[in-house]
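The values are calculated or read from the model by the stated rules, or taken from the named source; none is laboratory data. Everything numeric in this text was worked out from a predicted model, so none of it was measured. Don't worry about glycine lacking a Cβ; one is built from the backbone with ideal geometry, like all the others, and counts go over all protein chains shown.
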Amino acid sequence: MTAQDAPSRGPVSRVLASARGAVDVLYREMIKFGVVGAVAFVIDLGGANLLWHTVLADKITTAKIISGAVATLVAWIGNRQWTFRHRRSRPVHHEVMLFFGVNLVALGISALVLALSHYGLGFESRLADNVATVVGIGLGTLFRFWAYRRLVFSHEPL
């Protein structure tokens, strides 16, 4: 069968093919976002624990903000260079401002959950601080994925 003999694709086939392509892009982005996020998570939680057990033992929120800032820098590089590299549509300085603005909100969510748990609810053990940190990072991650796709790296995939 030659290309001329092949049946033409109707509108339903084109819509389905387009939907499959969009789902494929979303799936790849989610996997890559997860890998970058896992690396940033280890840096964030590990850094917070390192600071809690050394120089910032009595300043749990400050330690969390510092570790979150370092993890954010790693996430910026990973997401820009790998996860969303096909979505670049703005000058880099705009992306940087949006990225760090989104991450500032996500870091605020994480720090707020930790502060609420530690200071508000009185869960002051390291285990409780770690659980609160994981919950806060999780909530912040949901916000980040939505915001990265919608605001920071919003250009349609190439």
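Every listed requirement among (1) at pLDDT 85 or above; (2) out of contact with any helix residue (DSSP H, G or I) (no Cβ under 6 Å at 6 or more places or on another chain) is met by His86 save one, (1).
Out of all the residues in region 55-66, is one or more in contact (Cβ under 8 Å) with a residue 24 or more places away in the chain and touching an Asp or Glu at 6+ places or on another chain (Cβ under 7 Å)? Explain how you work it out, then say what you get.
Of the residues in region 55-66, the ones in contact (Cβ under 8 Å) with a residue 24 or more places away in the chain are 60-61, 64-65.
Now drop any that are not touching an Asp or Glu at 6+ places or on another chain (Cβ under 7 Å), which leaves 60.
Yes: region 55-66 contains one or more residues that are in contact (Cβ under 8 Å) with a residue 24 or more places away in the chain and touching an Asp or Glu at 6+ places or on another chain (Cβ under 7 Å).
You will find that of Leu127, Leu98, Leu139, the residue that is closer than 18 Å to Asn49 by Cα, part of a helix (DSSP H, G or I) and of a type in the set (A, V, I, L, M, F, W, C) is Leu127 and no other.
Scanning region 98-112 for residues that are over 12 Å from Gly68 (Cβ atoms), surrounded by 20 or more Cβ atoms within 10 Å (Cβ to Cβ) and out of contact with any Phe, Trp or Tyr (no Cβ under 6 Å at 6 or more places or on another chain) yields a count of 1.
Any residue that is among the β-branched types (Val, Ile, Thr), within 11 Å of the chain's Cα centre (by Cα) and not in a loop (DSSP other than H, G, I, E, B) - is there at least one of those in region 42-59? Reasoning before the result, please.
Going through region 42-59, the residues among the β-branched types (Val, Ile, Thr) turn out to be 42-43, 54-55.
Right, trim to within 11 Å of the chain's Cα centre (by Cα) and you get none.
Within region 42-59 (the criterion being among the β-branched types (Val, Ile, Thr), within 11 Å of the chain's Cα centre (by Cα) and not in a loop (DSSP other than H, G, I, E, B)), the answer is no, since none of the residues qualifies.
Going by the structure shown, is Leu26 modelled with pLDDT of 85 or more and either part of a helix (DSSP H, G or I) or surrounded by 14 or more Cβ atoms within 10 Å (Cβ to Cβ) (or both)? Judged against the criteria, Leu26 is not a match. Annotation note: Cβ proximity below 6 Å between a residue of region 19-36 that is on the phi > 0 side of the Ramachandran plot and of a type outside the set (Gly, Ala, Ser) and a residue that is in a helix (DSSP H, G or I) and at pLDDT 85 or above (sequence gap 6+ or interchain) occurs for no pair. Being closer than 24 Å to Ala19 by Cβ and free of Cβ contacts under 8 Å to residues at least 40 places away in the same chain is a property that Arg150 has. If you check Leu142 against the conditions, is it surrounded by fewer than 20 Cβ atoms within 10 Å (Cβ to Cβ), without any contact (Cβ under 8 Å) to a residue 12 or more places away in the chain, of a type in the set (A, V, I, L, M, F, W, C) and within 28 Å of Val23 (Cα to Cα)? Here the answer is yes, as Leu142 does meet what is asked. Each residue in region 68-97 was checked for being among the hydroxyl-bearing types (Ser, Thr, Tyr) and surrounded by fewer than 18 Cβ atoms within 10 Å (Cβ to Cβ), and 1 pass. Of everything in region 30-60 that is in contact with a helix residue (DSSP H, G or I) (Cβ under 6 Å, 6 or more places away or on another chain) and among the charged types (D, E, K, R), the residue that is surrounded by the most Cβ atoms within 10 Å (Cβ to Cβ) is Asp44.
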